[in-house]
1. Please state, as a whole number in µm²/s, the translational diffusion coefficient that the Stokes-Einstein equation yields for the range 381-588 at 37 °C and 0.692 mPa s, with Rh defined as the Kirkwood radius across alpha carbon pairs.
2. At what distance in angstrom do the alpha carbon centres of the range 259-306 and the range 627-646 lie from each other?
3. Could you pull out the pairs from LYS205/LYS464; LYS71/LYS336; LYS114/LYS402; LYS187/LYS351; LYS274/LYS351 whose alpha carbons sit more than 25 Å apart here?
4. Per DSSP helix of 4 or more residues, -39500 (n - 2.57); summed, then divided by the residues of the chain. What does that give at 222 nm, rounded to the nearest 500?
5. Hey, rough spin-label estimate for SER516 and GLU750, points 7 angstrom out along Cα→Cβ, what's it come to in nanometres?
6. Please compute the contact order of the range 642-755 in relative form: average sequence separation of alpha-carbon pairs under 8 Å and at least six residues apart, divided by the residue count, as a percent.
7. Along the charge dipole of the chain, which of THR669, TYR29, SER512 sits closest to the positive end, that is, farthest toward it, with unit charges on the beta carbon of Lys, Arg, Asp and Glu (+1, +1, -1, -1)?
8. Based on alpha-carbon centroids, what's the gap between the range 178-215 and the range 355-379 in Å, whole number please?
Amino acid sequence: MRRTVLTIVTLSFLLQATAQTSDAKMKAYVASLMSKMTLDEKIGQLNLVTPGSGVPTGSVVSRGVEDNIRKGRVGGLFGIFGPDKIRQAQTLAVKESRLHIPLIFGLDVIHGHKTIFPVPLGLSCSWDTTLIERTARIAAIEASADGLCWVYSPMVDIARDPRWGRIAEGSGEDPYLGSKIARAMVKGYQGTDLSKDNTVMACVKHFALYGAAEAGRDYNTTDMSRIRMYNEYLPPYKAAVDAGVGSVMSSFNEIDGIPATGNHWLLTELLRNKWGFKGFVVSDYTSVNEMIAHGMGDLSTVSALALKAGLDMDMVGEGFLTTLQNSLKAGKVTPKEINDACQRVLEAKYKLGLFDDPFRYINESRPDKEILTAQNRQAARETAARSMVLLKNERQTLPLKKSGTIALIGPLADNHAEMLGTWAVSGDKTKSVSIQEGFKNVAGSVQMLFAKGSNITDDTAFAKRISPFGKPTEIDPRTPEVMIQEAVDAAGKADVVVAVVGEAAEMSGESSSRTSLDLPGSQRRLIEALVKTGKPLVVVLMNGRPLTIPWLDEQAPAIVEAWFAGTEAGNAIADVLFGSYNPSGKLTTSFPRNVGQIPIYYNHKNTGRPYEGGNPKFKSDYLDVDNSPLYPFGYGLSYTTFTYDTIQLSQNTIRPGQPITATVLVKNTGNMAGEETVQLYIRDLVGSVTRPVKELKGFQKIKLNAGEMKKVEFTISENDLRFYNSELKYVSEPGEFKLFIGTNSRDVKEAGFRLEK
Ligand code: NOJ
């Protein structure tokens, strides 16, 4: 025993010593390089440009890129991919610039590179961090095979406002789950060795609080207390930093009145000094320049502000490139500030192995062998099926039988483009599987009738707005009445109707906020007409955010939330509908009943006048709608059923160093195998500050055969009870706690324990 301990100590000492030596080697290499660099070349390293062939997300793209690369005035490039293009740019840098410093190549690889996985909000509904890590690993392999070494992911912004279109890009409303997913994604992208040719540097974004934009309007002001930040919004970013993320992207919004990109407290005091972040910080697209509009001064002032705050790389805006020299002369910035930023960018390149071999990620033979492989597509199919959430299933409408006639209806049923969802920058719709194709692949024996039934929208101006990157979302010129009638006729001839409705891909994502979360266009009328046919109806939703669908919940016997499920969406949806995969997804964002309830999230605080039912006056409720969401956080059904026994605690008291275990027996009471995510929540009943009514503190995904029973055990220690108090100290406080275990955040068993110190 003693010997094992000694060996472990020696090993970790050796590992630490090796890390220190390689760190020292890196520092020495970078210092020697920097000693040869002119001021202009150092500032050049801080300049990140996009030649505009990717997806420009601001109003400008970079000009004179080639010339600037030759002059050593570019540190990195983003928005291009493919070994040819990247080789050209890298050759310019390492052959024609004075010091031959390689460029770093980035891209928005958000939910896959060319094999597209479900949008991150969908992915998070799998509650499967191993699976999510695998998607990031595959994305890293594909991206690096395409010449890239840096990806702008994970996006870990907590979002509780589905009006905000970017809710699709993150993992929902919960900091605990969000942190686990952040860690998994960083691991998946970066692996254990960043210098390998198939790992890439991750970039956690958008630091910070971007998901809390007022009124859900993108880029809008955020304003929140530090205590809320620390407890509810910052944990996923910190988890990414703890997992060793190589870079951080600053957000567009302000924090405490100072835009994140120029916020010294955020980028230096918190991120580097408190959290110990060692990588580099890049701005978001022109977010340095945007501080002018925020009212922080002219370009030279805001660029100096950003550098002094701790920003290292300026995305597209060229404020650093064009003003820092003069700011240095004027004493507005110091040589050390420029050197520090330059050093951090060069260190990233060193960690990626680019100084050893600038062409490390550029290999023309890789794309064919490693991108969109059958294996990757299979992984996308499995992942997509595991991300889907069964919201309702009455009268065993699902799974469908592989016989008879099915009417497949809806604007998204025979569509290849929208399923890729937002931020599928390199996704290719010609490679994606439509639902109609998926049905043929999985249930070829079924007779299928098809009718479009409606457009996603009938409004041409709106269709244009939701197609910013290409051909406008197609509008069928027929009237809604004609299209609905055609669908009703098809339904009349079928045994079952499957309607695939929802949003266009770009109705969620960046700059895609909505004030109405209804099904757009005439899709609701279509569904209501289908309900009237009296035929069994399955509604499949394809969307990037919660929709307000209480009417649908009342009318449709079966509803599946499929999200934008990626390249293999059609096959995966068919797998779920025909029962090849028994759905197991659980929501990571509450579905409001109407927009007026927003923000609505499970881990809220209690009020002094909590609502407990009835129609009382002077309670915290609404006159016109219940307080509860339509579907709560953690909710999702299966084709089988699970029951939970009462919770058994090993003891009723936790002490520091003396955890307790909570055990519950879960039984599959249906007649098919299924997976269940068992969720553990805790409530701190009395505190020095108010505490949420429930907080997720653990979950386990288990598989149970029909009739099988499993014991699920959670260990709860003093550490799990900690939170940031009003002095922002991370503490636990003795007293009474409630513990809940259940199938979602609403339907739980309850027990109690004490913390003593
Ligand atoms: C703006 C977006 O906010 C960010 O998420 C993205 O990574 C950059 N544009 C680069 O495309």
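1. 196 µm²/s
2. Answer, in whole Å: 42.
3. Values: LYS205/LYS464 28 Å; LYS71/LYS336 23 Å; LYS114/LYS402 31 Å; LYS187/LYS351 15 Å; LYS274/LYS351 23 Å.
Over 25 Å Cα-Cα: LYS205/LYS464; LYS114/LYS402.
4. Numbers: 20 runs with 216 residues, N = 757.
It comes out at -8500 deg cm²/dmol, rounded to the nearest 500.
5. 4.0 nm
6. Numbers: 270 pairs, mean separation 37.1, N = 114.
Reported relative contact order: 33 percent.
7. So the residue furthest toward the plus end is TYR29.
8. 21 Å
No value in this document is a laboratory result; all are computed from the given coordinates. Everything numeric here is computed off the predicted structure, so don't read it as measured data. Every residue, glycine among them, receives a Cβ derived from its backbone with ideal geometry; neighbour counts consider all protein chains shown.
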